[in-house]
Amino acid sequence: MKSHQEPSTRRSIMIMLKTQGPFSVSELARELNITEMAVRRHIHTLDQEGLLITETVRIPTGRPFLRFRLSERAEEHFPHNYHQLALDLLSELDEEDVSRLFEGRKQKLLSRYQSIADTEDHQERVAALTDIQHNGGYMARYEQQSENHYTIYEYNCPINQIANRYDIACQCEQQLFEQLLQADVERTECIAKGGRCCVYQIQFQPQSSTSSE
């Protein structure tokens, strides 16, 4: 029973901070009808996860006390409708404008991550790109199949609803991979097309060995 109660209480604290906050420990304890010790335990967990911002409140008489409010990171724990908003905005554009939009995004990412293309080692390029995708919410990993052949797996697609409607989204991602890795890239499975994950087969040209004079 306790394992079900604790997440529920933590969620209640987050909802209160979202809708009515900031709150102090004593205020939360009073509103939730639980002990201050229990509140502090949940506050500690939320703080460790980077979901809280602490504010010191000073009063004319008595000791200062702390109040807590949600951080920007905590917004990820609440529903958003960004995909539908993006789809609604894209639907107002014609096909050429949509293509131009995704192409512009690709060029920005190419500029931002140019250091990957400047890396000589093939595996370092693949590892760096995989880290970027993973940190972007794609749940990415890679495997080395042979000296010049790698596979990147993405088990989540943050833009799945957009990619379902606009093929250009996946096309630009594949082109981005090709240009950053400077390799031939083939997408053999795609979440937007019903696949379990997105799979990219990456084939580098054999590196020519430099002969010593």
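The values are calculated or read from the model by the stated rules, or taken from the named source; none is laboratory data. Only a predicted model underlies this, so the values are computations on that prediction, with no experimental measurement involved. Here the Cβ is made from the backbone with ideal geometry for all residues, glycine too, and neighbour counts use every protein chain on show.
If you go through segment 96-107 one residue at a time, do you hit one that is within 21 Å of the chain's Cα centre (by Cα), hydrophobic (A, V, I, L, M, F, W, C) and outside the structural domain of GLU178 (by TED's automatic domain parsing)? No; the residues of segment 96-107 include none that is within 21 Å of the chain's Cα centre (by Cα), hydrophobic (A, V, I, L, M, F, W, C) and outside the structural domain of GLU178 (by TED's automatic domain parsing). Among the numbered conditions (1) part of a strand (DSSP E or B); (2) within 21 Å of the chain's Cα centre (by Cα), the only one that LEU46 does not meet is (1).
Count of segment 27-39 residues, restricted to those that are touching a residue at least 24 places away in the same chain (Cβ under 8 Å) and among the small types (Gly, Ala, Ser), is 1. Scanning segment 187-213 for residues that are at pLDDT 95 or above and either among the hydrophobic types (A, V, I, L, M, F, W, C) or over 29 Å from TYR82 (Cα atoms) (or both) returns CYS190, CYS198, VAL199, GLN201, ILE202, GLN203, PHE204. Within segment 136-159, residues that are among the small types (Gly, Ala, Ser) reach partners that are surrounded by fewer than 20 Cβ atoms within 10 Å (Cβ to Cβ) and part of a loop (DSSP other than H, G, I, E, B) with beta carbons closer than 8 Å, at six or more positions or on different chains, in the pairs GLY136/PRO158; GLY137/ASN156; GLY137/PRO158; ALA140/TYR155. Please determine whether any residue of segment 60-67 is part of a strand (DSSP E or B) and surrounded by fewer than 16 Cβ atoms within 10 Å (Cβ to Cβ). Among the residues of segment 60-67, at least one is part of a strand (DSSP E or B) and surrounded by fewer than 16 Cβ atoms within 10 Å (Cβ to Cβ), which makes the answer yes. Scanning segment 112-121 for residues that are aromatic (Phe, Trp, Tyr), under 29 Å from GLU96 (Cα atoms) and surrounded by fewer than 18 Cβ atoms within 10 Å (Cβ to Cβ) turns up at least one hit. Beta carbons closer than 9 Å, at least 6 apart along the sequence or on distinct chains, pair a first residue in segment 75-94 that is among the polar types (S, T, N, Q) with a second that is assigned to a helix (DSSP H, G or I) and surrounded by 10 or more Cβ atoms within 10 Å (Cβ to Cβ) for GLN84/GLN161; SER91/ARG165.
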